[in-house]
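Note sheet for the following structure.
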Amino acid sequence: MAGIVENVTDENYEELKAAQATVMAYGIAACEPCAAYDPILEAVARKFPAVRIGKAKMHVPGRCRAIKKQYQFETYPTTHFYSRGNLLLTREGKIEEDELIALIKQYLPDS
């Protein structure tokens, strides 16, 4: 969905990853950097409507159970950059808006 941050669940995770360009942010509610990252993701989503931006809240019971089994994150937020299901880059910690824009342009240039 162009221009918005999508809530990620086990049900839509693979579809989001398979898109031409995807930025996937993983976080938890008790994480202050995660809360500060949310408005950055929203601003960037508006600037890159061709990029699917997803937010996986790992603490919500039942929502991301399969995702938790697939990844063991040591730091929240963690961000993955995908192109057509291929993981291109993993970044730990909150990414500032200017840097996130630069990473999208570098790793997802067709978006």
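The values are calculated or read from the model by the stated rules, or taken from the named source; none is laboratory data. Being a predicted model, the structure only gives us computed values, none of them experimental. Cβ atoms come from the backbone with ideal geometry, glycine included; neighbour counts cover every protein chain shown.
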Taking segment 89-106 and keeping residues free of Cβ contacts under 8 Å to residues at least 24 places away in the same chain and crowded, with 17+ Cβ neighbours inside 10 Å leaves Arg91, Leu103
Of the residues in segment 41-58 that are aliphatic (A, V, I, L, M) and in a helix (DSSP H, G or I), the one that is surrounded by the fewest Cβ atoms within 10 Å (Cβ to Cβ) is Ala43
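Limited to segment 64-83, what total is found for residues that are over 14 Å from Leu100 (Cβ atoms) and touching an Asp or Glu at 6+ places or on another chain (Cβ under 7 Å)? So that I can check it myself, show each step before the final result.
Just the residues of segment 64-83 that are over 14 Å from Leu100 (Cβ atoms), to begin with: 64-76, 82-83.
If we keep only those that are touching an Asp or Glu at 6+ places or on another chain (Cβ under 7 Å) as well, we get 64-67, 75.
Within segment 64-83, residues that are over 14 Å from Leu100 (Cβ atoms) and touching an Asp or Glu at 6+ places or on another chain (Cβ under 7 Å) number 5.
Looking only at residues that are in contact with a helix residue (DSSP H, G or I) (Cβ under 8 Å, 6 or more places away or on another chain) and surrounded by fewer than 17 Cβ atoms within 10 Å (Cβ to Cβ) in segment 1-28, which one is modelled with the lowest pLDDT? Outline the logic, then answer.
Taking segment 1-28 and keeping what is in contact with a helix residue (DSSP H, G or I) (Cβ under 8 Å, 6 or more places away or on another chain), we get 3-6, 8, 10, 13, 21-28.
Add one more test, that the residue is surrounded by fewer than 17 Cβ atoms within 10 Å (Cβ to Cβ), and what stays is 3-4, 10, 28.
On the way: Gly3: 78, Ile4: 92, Asp10: 95, Ile28: 93.
The extreme case among them is Gly3.
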Scanning segment 63-84 residue by residue, the ones that are touching a residue at least 60 places away in the same chain (Cβ under 8 Å) and exposed (fewer than 12 other Cβ atoms within 10 Å of the Cβ) total 1
Of the listed residues (Asp10, Asp38), the one being of a type in the set (Asp, Glu), in contact with a Cys (Cβ under 8 Å, 6 or more places away or on another chain) and over 16 Å from Leu103 (Cα atoms) is Asp10
